[in-house]
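Report on one structure; see the data block that follows.
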Amino acid sequence: MTVNLDTRSIESSAATEIYISAVPTENVPPQEQAKEIFSRIRDTLRSKKACILHERVFATQSAMEIVSEIRSKTYSDIDDGVAPGFLAGVEGMLGPIAGVQVHAISSDSSPEVINLEGTACGRILHVPGRTYLTLSQLSATHLAQPTKQARAMLEKAESALKQFGADFLAVPRTWMWLGDILSWYGDFNRVRNDFFT
């Protein structure tokens, strides 16, 4: 085994939330790491009758294409077309793939895919007493200025929320991966606050 897979579950009467973390344990070729990571995640999801709600892949930029291809092939029928959050970093001691995190749900209902501008970018799941909505890969890299990128990304998120009758007041947590954030954090907060107030 070249991968350590850690799984935690939280159960309620409405659903079981499953958190999966997969990290390499050996420095082997990235294709081998990716195949084992996604095979073990797929097998875990199937054994628990769970669907992916949100997923993050941590790897070098140069490894993303091959990781994405292997993920799609390995997941096969459980791949609903929503890309994970691909988060680029520097290569670590165990190679270009740092790990994968999955938040999955096992319940009587399955997540619906959320589409924005023709792209599958999230999922929504209704269970008794609550609704889960996740988004990933929202960006505006065509804009040069970071604050404009942040505003465009938040506008996309707001559009998705409105599709389902919600707004940012219903958002308990955001995970935003922004380049060189410390150099423009004050500006970013001003943009973000416009959406949360």
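Every number in this text was worked out from the coordinates using simple rules, so none of it is lab data. The structure displayed is predicted, hence computed values, not measured ones. Cβ sites come from the backbone with ideal geometry, for glycine too, and all protein chains shown count toward neighbours.
Structure above, values below:
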read-out	value
Amide N of segment 65-95 lying under 20 Å from the label point, which is placed 7 angstrom from the Cα of Leu5 along Cα→Cβ	67-81, 84-85
Proximal lysine pairs, the chain, alpha carbons under 25 Å, eight or more residues apart or interchain	7
Proxy reagent accessibility, fewest Cβ within 10 Å first, across Thr2, Thr141	Thr141, Thr2
Extended-chain gain in nm, criterion 0.36 nm per residue less alpha-carbon gap, Ser183 and Ser21	55.3 nm
Fraction in percent of alpha-carbon pairs per bin - 10 Å, segment 138-197	22, 56, 21, 1
Options Ala88, Ser72, Ala140, ranked by Cα towards positive dipole end of the chain, top entry (Cβ charges)	Ala140
For the chain, built as a Gaussian network whose Cα springs stay under 10 Å, the top-fluctuating residue of Ala144, Ala104, Ala34	Ala144
Efficiency of FRET from Cβ geometry, Ala14 and Ser62, R₀ 30 Å, rounded to 0.05	0.10
For the chain, calculated [θ]222 nm from helices alone, where every DSSP H run of n ≥ 4 adds -39500 (n - 2.57)	-10000 deg cm²/dmol
Of the GluC sites (Glu not before Pro) in segment 2-48, those whose Cβ has at most 16 other Cβ within 10 Å and which sit in DSSP loop	Glu26
Charge sum, other residues only, whose C-beta stays under 9 Å from Thr2's C-beta, Lys/Arg counted +1 and Asp/Glu -1	-3
Cα-based shape type of the chain, given that a ≥ b ≥ c are square roots of the gyration tensor eigenvalues and the cut on a/c is 1.5	oblate
Candidates Arg130, Arg71, Arg56: whichever shows maximal mean-square fluctuation once the chain is modelled as a Gaussian network with Cα springs under 10 Å	Arg130
Spin-label model distance (nm) - Ile78 vs Ser106, 7 Å beyond Cα toward Cβ	1.1
Global form of segment 28-142, assessed from the alpha-carbon gyration tensor, a/c cut-off 1.5	oblate
